[in-house]
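The values are calculated or read from the model by the stated rules, or taken from the named source; none is laboratory data. Predicted model only: the values in this text are computed from it and were never measured. All Cβ positions, even for glycine, are placed from backbone atoms using ideal geometry, and neighbour counts span all protein chains on display. The area values use the complete protein model at the heavy-atom level, side chains included, leaving out ligands, DNA and RNA. Shrake-Rupley method; radii C 1.70, N 1.55, O 1.52, S 1.80 Å.
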Amino acid sequence: MKPMAATQSQRTSWLPALVLLGAAVFGYAVLPHVSRQVSATARMIGEPAPDFSLPVFHGGDAGSRIRLSALQGNVVILDFWASWCKPCQAQARILSGLVSRNVGGNVLFVGVNTADNPERAEAFAESHQLPYPSVLDGGEVADAYGASSLPTLVVIDAAGKVSDVTLGVLSAEEIESLIRTASASAASKPPG
């Protein structure tokens, strides 16, 4: 029996080493991809926002389009979402509450439905009573903004520069803080 106990003890002593080795391999394989994603969106901060023209499917006239560059002079909040995204539902509720607080101001909200079924997107927008226009994106605009997970919120200052890109759900307070930062950023820049 003693030799068996020694063997079991030896196996137990290797377990922490194997766990550490597994964690190191996982970190080595995954972290470079995560840091590239973060740095890709971080590189956008302060850069001109990629322009787009997308068809409006909710909250606008039939057949109309939204061109981002036409919104310059306002702080623009782009909400990248999809109907199948559960966290997008929470973000939609938060943004809907913020729209009413910013009526008449220089803040515009635009939903960007990406890589989704148009009928499901319309049903989502209607059922959540989105008070802001939403456009359909085949994925190209989401790619341009690094919206690799949903929801992704992009804040663009009045000068048309990316002020923030955040993946995941933000609270109303966090979004209001980003709006204030974008408003102050554009106001402090000299024209031209």
(message) Just to check I understand the Karplus step: with θ = phi - 60° and J = 6.51 cos²θ - 1.76 cosθ + 1.60, what whole-Hz values come out for region 110-117, glycine and proline as x?
(response) 9, x, 10, 7, 10, 6, 9, 6
(request) Classify region 55-127 as rounded, prolate or oblate, taking a ≥ b ≥ c as the square roots of the eigenvalues of its Cα gyration tensor: rounded when a/c is under 1.5, otherwise prolate if a/b is larger than b/c and oblate if not. (result) oblate
(message) Rounded to the nearest 10 Å², what accessible area does HIS58 have for a 1.4 Å probe in the complete protein model?
(response) 20 Å²
(request) Report in % the part of the accessible area of region 131-191 that belongs to carbon and sulfur, leaving out ligands and nucleic acids; probe 1.4 Å. (result) 56 percent
(request) Report, in cubic angstrom per residue, the convex hull volume of the C-alpha atoms of region 58-192. (result) 105 Å³
(request) Could you please tell me the mean projected area of the C-alpha convex hull for region 118-192, averaged over all directions and given in square nanometres to one decimal? (result) 6.2 nm²
(request) In Å³ and rounded to a whole number, note down the convex hull volume per residue for the Cα atoms of region 86-137. (result) 73 Å³
(request) Give, as a single signed number, the net charge of other residues whose beta carbon lies under 13 Å from the beta carbon of VAL99, with Lys and Arg counted +1 and Asp and Glu -1. (result) 0
(request) List the residues of region 161-179 whose backbone N lies under 20 Å from a point placed 7 Å from the Cα of SER149 along the Cα-to-Cβ direction. (result) 164-172, 174-175
